[in-house]
Amino acid sequence: MNTSTKGTTLSGEIASLDQENDRRKRLWIELAAKTDASSAPASVLNELKIFYGGRGIWVDKATTQGVAGCEYGITVGLLHSGAAYADDLFDDGAIYHYPKTRTLGRDRAEIEATKAAGRHRVPLFFTIVPQRGQNRVVKLAWVEKWDDELGLFFISFGDQPDQTQADDEIDEDDFVLTVSRSAEERRVNRPKRAARFKYDVLQYYGESRCCMCGIRASQLLDAAHIVDVSAGGSDDKRNGLILCASHHRAYDAKLVVIHPETHVLLAASELTLEDLGILSSSLAALPRKPHVKALSWRWDRWQARNELDRRVTYDSPAITG
Ligand SMILES: [Zn+2]
């Protein structure tokens with residue numbers, strides 16, 4: 001039996017992974033005892049070392065370096081300053097951007113330490129600063145996935161890591177068009193797992209840009225459902241497109257559609273692609289394509305709507321007599 005003093009590194013020993021896990025769970029309980037995690041003063045977070053320092057990633061190297069052989073330590077806290085990348089913060093989690101500062105070595109070390117939290121399934125504390133100087137919102141969080149090309153982590157919120165680890169393999173026969181959705185999801189036309197969906201769609205296409213106009217500013221990018229959530233559209237990445245806010249709106253308003261076979265973009269009858277600020281005439285350049293079944297679903301509805309428009313315009317009694 002192990003008789004060493006568990007959970008302490010006072011003797012200078014490196015904690016085991018279990019000890020570090022326990023320490024974080026205890027910190028979460030201590031935080032709840034001291035304050036409300038949805039409105040925590042920065043001083044309490046500093047005191048508990050849940051978040052500390054002036055950067056976005058807090059590793060607490062003195063405590064975590066060497067745990068489970070992690071040379072760079074294991075990230076303890078991530079800071080999300082409400083304003084930057086506000087669109088990457090959702091109820092179920094967040095898409096966290098790799099640090100890009102002038103101190104490259106430190107950026108790399110922090111990225112490695114954050115990956116270590118993912119690899120070892122150790123929880124961390126995700127701290128949101130709603131506005132400068134305000135109390136923090138702290139969430140227990142898990143590093144689920146990351147993508148070096150995109151420079152993004154997918155972080156889930158909750159007491160447990162996300163159990164529904166989506167298969168990253170792409171199986172053509174395994175596509176699900178619709179699922180059962182809660183009344184709330186249908187009403188707001190937004191999935192419960194919005195962070196996971198956006199991350200998966202970004203990763204699937206491998207680029208962080210609007211597929212219609214090429215805008216890259218991530219603050220302006222959405223993961224749009226091809227089959228709407230309100231219609232039960234699934235969170236399969238192939239039911240998604242990366243669109244800027246304007247083109248997401250245009251797509252949902254049926255001002256533009258994608259041909260399911262040729263991937264050519266077509267504007268609604270009264271408009272041109274140019275009118276809509278759409279620079280590509282098709283999605284041919286996308287390295288991977290949305291699922292044909294999803295595109296066909298939209299296409300059928302678009303046809304029906306255009307059919308209706310024509311009837312309203314040409315078949316109305318006032319015109320036909
Ligand atoms: Zn766009």
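Every read-out reported here was derived from the displayed coordinates using simple, explicitly stated rules and does not represent laboratory data. Everything numeric in this text was worked out from a predicted model, so none of it was measured. Heads up, the Cβs are rebuilt from the backbone with ideal geometry, glycines too, and the neighbour counts pull from every protein chain shown.
Here is how the numbers come out for the structure above:
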quantity: Computed [θ] at 222 nm, helices only, for the chain once each DSSP H run of length n ≥ 4 contributes -39500 (n - 2.57); calculated: -9000 deg cm²/dmol
quantity: Partners for Lys61 among lysines (Cα-Cα distance below 29 Å; same-chain residues under 8 apart left out); calculated: Lys6, Lys25, Lys34, Lys49, Lys100, Lys115, Lys139, Lys145
quantity: Most mobile listed residue (Asp60, Asp171, Asp228) in the chain, GNM with C-alpha springs under 10 Å; calculated: Asp171
quantity: Residue-by-residue Karplus 3J(HN,Hα) for region 95-101, coefficients 6.51, -1.76, 1.60, Hz, glycine and proline x; calculated: 9, 10, 7, 4, x, 9, 10
quantity: Using a Förster distance of 45 Å, the FRET efficiency for Lys61-Ala231 (Cβ separation, nearest 0.05); calculated: 0.40
quantity: The chain: relative contact order in percent, alpha carbon pairs under 8 Å with at least 6 residues between; calculated: 12 percent
quantity: Filtered trypsin sites (Lys or Arg not before Pro), region 94-197: DSSP coil and at most 13 other beta carbons within 10 Å; calculated: Lys100, Arg102, Arg121, Arg132
quantity: Where chymotrypsin sites (Phe, Trp or Tyr not before Pro) fall in DSSP loop in region 77-144, at most 14 other Cβ within 10 Å; calculated: none
quantity: Percent antiparallel among DSSP beta bridges (both partners in region 59-154, rounded to 5); calculated: 70 percent
quantity: Net length gained if the chain between Asp18 and Ala284 were fully extended (0.36 nm per residue, minus Cα distance); calculated: 90.8 nm
quantity: Percent antiparallel among DSSP beta bridges (both partners in the chain, rounded to 5); calculated: 85 percent
quantity: Whole-Hz couplings from phi, Karplus 6.51/-1.76/1.60, listed for region 51-63; x for Gly and Pro; calculated: 9, 7, x, x, 10, x, 10, 10, 9, 6, 4, 4, 8
quantity: Positive-end residue, region 156-273 charge dipole about Cα centroid, Cβ charges, pick of Val176, Val264, Tyr204; calculated: Val264
